[in-house]
Amino acid sequence: MEPLKESLDVLDWPTQAVNALRGALSNVNVPLPAWLAQAVVLAGFALAAWYFFRWARGEERKLVRAGQLLVGAAATIGALAILVSWGDGLMNPPSRQIVGELDGAPLAAARIDLLDYKGDSLGPAIDKDPQSRTFVITYTPEFADPPSAVVMSAPNCTEQRLKLHRAQLRGALLSVSLKCGSGT
Amino acid sequence: MIRLLAGAAFALAVVAAGPAGAACSVTGQVKLGDLPLGDADIATALGSAAPVTRGHSGADGRFAIPVEPLPANMGALSLIVSKPGHEPVRRILRKNAADGCPLSPQEPVAFDPGTAVATTGATGDTEASLCAQRSSLGLTVFIAPYEIYGGADKAATDRLNQDLPKIVYNRIKAFATSLSGVPLFDISVEKICLVLSEEEGERAQKIGHSLNALGVITGNGDLRQDQGKTVIDLESVLRTMPAYKSYGATALPIEDTIPSESLRPSKIAEHLRDLWGKQIVLAYTLQRLANLPASPDSADIAKLAALMVSLRKTMTADDPLLGQVEQVQALLNDLKPEP
């Protein structure tokens, strides 16, 4: 079951594209909630799929028809990906905590942050257990808008930015190893 | 058919009840160094919720506390073990995926003997040997004597060490006064008589805890000539003690250059960097946060939040303390009541 759950990461590309669009709009002071931006793009995909499939029906040139069907299929996949990610978020909501382990640096001195889709801090609560090198990031998940990455740094260590996968947002352990030394 | 439906409903109810109905038990042992420690408070906290006391350790240091299974959307439970006179120890208990219960700690929960707060600290430094008294409010910054290299005579070194508390106090006060719209808070700066070298950071930290200090300053200086005048390059480390949740207790290196001639401390203070004031404002905020009651007054949180906003306004993007201010602001945001 786990490989299947992991494979759902493949369907992240439409939401990532939507987030790129949200980022651009946010930069010009038009912030959009993730679900609304995704709904608009979903409608766009659905409209494109309907239009191209309908157009292909009356097209007699084989090559053009194949192209129209291809575009229609891509739009359908995009729309389905958004619907699947919504369904997944509703049926299998993300955890409010990301649990991880740190290697390579003392946890007490490490700085940990959780970033949103734009790379801004979500201001999470961080709990550390230096004895077991375990840390917990507690945050409030938003529908269709998961955090994108965890950033970790420590004195004399190279900062690490780890992209968060679906499994880690649902309880799998996040393993972090910092590279430290005088040259870093 | 009705029987079949009733059976299915019962099966569903059993599945739905699942681990939520089962009570969990967390067991472990509390130690101070190698010895078991009895009567320690055992509390748990879920996420950013306030800790709930669950029990105490027995004479052999062992404890067993009942806890509820973790909700589906939580992955760990915090275990907080505290005993008056010691820094609380925090452990994270991960969730057992099978039953939703938090896993008991495999190793004993160990207090660091070095953080014991007593008249005689684990460092062996007594109040008498430090020439200082434990701070009752936790708002005192202690300064260890500076060594001055580069040909300074003893009288000049003594004079500087005599004036340093006033110099640092003036710098901190001037910075705090410059923060707009924030009521002033009162701190004091006092000397200790024990010389601490740069390598003794851990010892300085322990002394700070044993004196209930807001901070401990160690450092040294070098005399040098600058455009015909003699100046002192000071290399200081300001260690702050207060901690809230897992955040706090930092060491900040600060470099200053001050004139060597005898001037009023308030005059010399103008040569010190703003970092002194910024770090102390941060430490003060953490100290207040750590002393908030379980259900804090929103007005108190608002005051601390306003203090952090004012502090942040004094910072540029490359300020070494900007990240810390942001973390403290995040901690304060967590405390704000839900609208």
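The values are calculated or read from the model by the stated rules, or taken from the named source; none is laboratory data. Remember, predicted model here, so these are calculated numbers, not experimental data. Quick reminder, even Gly has a Cβ in these numbers, built from the backbone with ideal geometry, and neighbours come from all protein chains shown.
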> B:Gly277: of a type outside the set (D, E, K, R) and either in a strand (DSSP E or B) or at positive phi (or both), yes or no?
Replying inline: no
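Being more than 26 Å from B:Gln329 (Cα to Cα) and either assigned to a loop (DSSP other than H, G, I, E, B) or more than 14 Å from chain B (Cβ to nearest Cβ) (or both) is the requirement here; does A:Ser175 meet it? First the steps, then the outcome.
On the way: more than 26 Å from B:Gln329 (Cα to Cα): yes; either assigned to a loop (DSSP other than H, G, I, E, B) or more than 14 Å from chain B (Cβ to nearest Cβ) (or both): no.
It is false that A:Ser175 is more than 26 Å from B:Gln329 (Cα to Cα) and either assigned to a loop (DSSP other than H, G, I, E, B) or more than 14 Å from chain B (Cβ to nearest Cβ) (or both).
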>> Looking at region A:107-118, can you tell me whether even one residue there is part of a loop (DSSP other than H, G, I, E, B), over 21 Å from the mean Cα position of the chain (by Cα) and of a type outside the set (Phe, Trp, Tyr)?
In response: yes
>> If a residue must be in contact (Cβ under 8 Å) with a residue 12 or more places away in the chain, among the aliphatic types (A, V, I, L, M) and within 26 Å of B:Arg273 (Cβ to Cβ), how many such residues does region B:310-339 contain?
In response: 7
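Given the options A:Glu159, A:Glu101, name the one that is free of Cβ contacts under 8 Å to residues at least 24 places away in the same chain, surrounded by fewer than 21 Cβ atoms within 10 Å (Cβ to Cβ) and touching a strand residue (DSSP E or B) at 6+ places or on another chain (Cβ under 8 Å). Can you show your working first?
On the way: A:Glu101 fails: free of Cβ contacts under 8 Å to residues at least 24 places away in the same chain.
Unique residue meeting the criteria: A:Glu159.
Of B:Glu190, B:Glu198, which residue is acidic (Asp, Glu) and either in contact with a Leu (Cβ under 9 Å, 6 or more places away or on another chain) or modelled with pLDDT of 85 or more (or both)? Walk me through it before giving the result.
Details: B:Glu198 fails: either in contact with a Leu (Cβ under 9 Å, 6 or more places away or on another chain) or modelled with pLDDT of 85 or more (or both).
Exactly one residue qualifies, and that residue is B:Glu190.
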> Which number in (1) at pLDDT 90 or above; (2) within 14 Å of chain A (Cβ to nearest Cβ) marks the one condition that B:Val141 misses?
Replying inline: (2)
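Given the structure, is B:Asp319 within 30 Å of B:Leu223 (Cβ to Cβ) and in contact with a helix residue (DSSP H, G or I) (Cβ under 8 Å, 6 or more places away or on another chain)? Before the answer, list the steps.
Numbers: within 30 Å of B:Leu223 (Cβ to Cβ): yes; in contact with a helix residue (DSSP H, G or I) (Cβ under 8 Å, 6 or more places away or on another chain): yes.
When the stated conditions are applied, B:Asp319 passes them.
Could you check, for region B:265-278, whether at least one of its residues is closer than 23 Å to A:Pro155 by Cα, crowded, with 20+ Cβ neighbours inside 10 Å and out of contact with any Asp or Glu (no Cβ under 9 Å at 6 or more places or on another chain)? So that I can check it myself, show each step before the final result.
Taking region B:265-278 as the starting set, the residues that turn out to be closer than 23 Å to A:Pro155 by Cα are B:273-278.
Narrowing further to those that are crowded, with 20+ Cβ neighbours inside 10 Å: B:275-278.
From the residues that got through so far, the ones that are out of contact with any Asp or Glu (no Cβ under 9 Å at 6 or more places or on another chain) too are B:277.
The answer is yes, given that some residue of region B:265-278 is closer than 23 Å to A:Pro155 by Cα, crowded, with 20+ Cβ neighbours inside 10 Å and out of contact with any Asp or Glu (no Cβ under 9 Å at 6 or more places or on another chain).
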> Is it the case that A:Ile126 is within 19 Å of B:Asn333 (Cβ to Cβ), more than 9 Å from chain B (Cβ to nearest Cβ) and part of a strand (DSSP E or B)?
Replying inline: no
>> Between B:Val14, B:Val81, B:Val52, B:Val30, which is modelled with pLDDT under 85 and out of contact with any helix residue (DSSP H, G or I) (no Cβ under 8 Å at 6 or more places or on another chain)?
In response: B:Val14
>> I'm told A:Pro147 meets every condition in (1) within 13 Å of chain B (Cβ to nearest Cβ); (2) buried (at least 20 other Cβ atoms within 10 Å of the Cβ) except one. Can you identify the failing condition by its number?
In response: (1)
>> Out of the residues in region A:91-103 meeting the condition of being at pLDDT 90 or above and more than 7 Å from chain B (Cβ to nearest Cβ), tell me which one is farthest from A:Glu159 (Cα to Cα).
In response: A:Ile98
